[in-house]
1. Let me confirm something: among 183, 247, 222, which residue is over 24 Å from the mean Cα position of the chain (by Cα) and at pLDDT 95 or above?
2. Filter the range 192-210 down to residues that are touching a strand residue (DSSP E or B) at 6+ places or on another chain (Cβ under 6 Å), in a strand (DSSP E or B) and surrounded by 14 or more Cβ atoms within 10 Å (Cβ to Cβ), then give me how many there are.
3. Given the criteria on the phi > 0 side of the Ramachandran plot and surrounded by fewer than 17 Cβ atoms within 10 Å (Cβ to Cβ), does residue 18 qualify?
4. Can you report the number of residues in the range 242-267 which are in a strand (DSSP E or B), in contact (Cβ under 8 Å) with a residue 24 or more places away in the chain and either closer than 14 Å to residue 196 by Cβ or more than 13 Å from the ligand (Cβ to nearest atom) (or both)?
5. Identify the single condition in (1) at pLDDT 95 or above; (2) farther than 23 Å from residue 430 by Cα; (3) touching a helix residue (DSSP H, G or I) at 6+ places or on another chain (Cβ under 9 Å) that residue 109 does not satisfy, given that it satisfies every other one.
6. When you scan the range 323-432 for strands (runs of 3 or more DSSP E) that lie fully inside it, which ones turn up with 1 or more residues that are without any contact (Cβ under 8 Å) to a residue 60 or more places away in the chain, buried (at least 22 other Cβ atoms within 10 Å of the Cβ) and within 16 Å of the ligand (Cβ to nearest atom)?
7. Just checking, which of 106, 121 is outside any helix (DSSP H, G or I) and under 18 Å from residue 259 (Cβ atoms)?
8. What are the residues in the range 218-240 that are within 11 Å of the ligand (Cβ to nearest atom) and more than 29 Å from residue 415 (Cβ to Cβ), if any?
Ligand SMILES: Cc1cc2nc3c(=O)[nH]c(=O)nc-3n(C[C@H](O)[C@H](O)[C@H](O)COP(=O)(O)OP(=O)(O)OC[C@H]3O[C@@H](n4cnc5c(N)ncnc54)[C@H](O)[C@@H]3O)c2cc1C
């Protein structure tokens, strides 16, 4: 049980706002570094996106690399290299986390695939793999169709190959978040749930604390914002948008080898088709999936309807979403298609212009950020560790995070589309 008893006097060295994977990890490493830390959360630990994710452990998040392609925010090779270092550091950290936290975080290295369903898609994926390996050597390779069929028969025969990482896989986000929270609490972290932060407290130009429904909390050395999709409620000037995402789980199946999977598909004449068989110029939709240890498969992606910005923080799922994702599951998870989708949920992923989180100091003295991690299973544990190092060691970190500087968009004007989904946002950014 997490112990929510805490001191009456609300004075700390550091306050961390938001108890998702990013906030819990940040709070853990700061507490471990000797700071007296308070972790403030609107609801429960891991109740935001972190408790709603598929648990895919991905070195390269497919949607992110896609967002970066084209337009002003295309990632340079130098940034790709730096981002890969953080991602590889994240996977290495996950590998040792069960031991560090004394709790199994269920990191199963069952691989990840981005599957090609046409020759054109296979050629694009191959090009991407070659480029990634030129820029930064990883274990990511292109797998031939026969290898994919052999490793993962669930996808049937109609495939043209896949991007594959054997050290990707799945993990349990609840165990990671609660592992950090429990671990830190044992050494002094104080956790305040149902304590929404309403605003920051400034003294002259310095952030000295936060106002909450339980009064003011003060911090001697700083406040770390780990609010992800809710960042704009406190700091509207930073371009982190909520982006609603759905999850569906199948009934239990005989255990099948199911990797962390990404598939791009289209819609033509009301039918689900491969991404190259839809109308020319239409952007493909993405469906992700992960497997659970007990045989359930989780799939998901964008909702079917276009929503306004504030609707992206809603958590409802509609019948039309079930119908779309049911049809997608039947088409691509060929050997499991008799299974039904039995439950659904929704959460808000953060969307940033270049697909990368904002980690480091802000323009406000003593205000730090670890927010906007889209690929949270791999990124949040390591960005939490790195922002803690940054605060504890005067800006020095074991892996460079300068490219994640929260001020990198300063001066850029965004006029976000009134209604959007991922494709609308990418389309908007690619024109800049
Ligand atoms: C359906 C879905 C599937 C996903 N699948 C994957 C996947 O398979 N693999 C992967 O790596 N990533 C996945 N993601 C993304 C992943 O969930 C995020 O990258 C990750 O959870 C981000 O963690 P976070 O701590 O930054 O944000 P969050 O977990 O969203 O944490 C932010 C916290 O801030 C709290 N908060 C809000 N307002 C306030 C306030 N005013 N005061 C205090 N606290 C506040 C919220 O309640 C929340 O707990 C998925 C996301 C969704 C929604």
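The values are calculated or read from the model by the stated rules, or taken from the named source; none is laboratory data. Quantities reported herein were computed from a predicted structural model and do not represent experimental measurements. Positions of Cβ are generated from backbone atoms using ideal geometry, with glycine treated the same way; all protein chains shown enter the neighbour counts.
1. Only one candidate qualifies: 222.
2. Adding up the residues that qualify gives 8.
3. In short, no.
4. Looking only at that region, the number is 4.
5. The single condition residue 109 does not satisfy is (1).
6. Output list reads 358-361.
7. That would be 106, the only listed residue that is outside any helix (DSSP H, G or I) and under 18 Å from residue 259 (Cβ atoms).
8. Of everything in the range 218-240, nothing turns out to be within 11 Å of the ligand (Cβ to nearest atom) and more than 29 Å from residue 415 (Cβ to Cβ).
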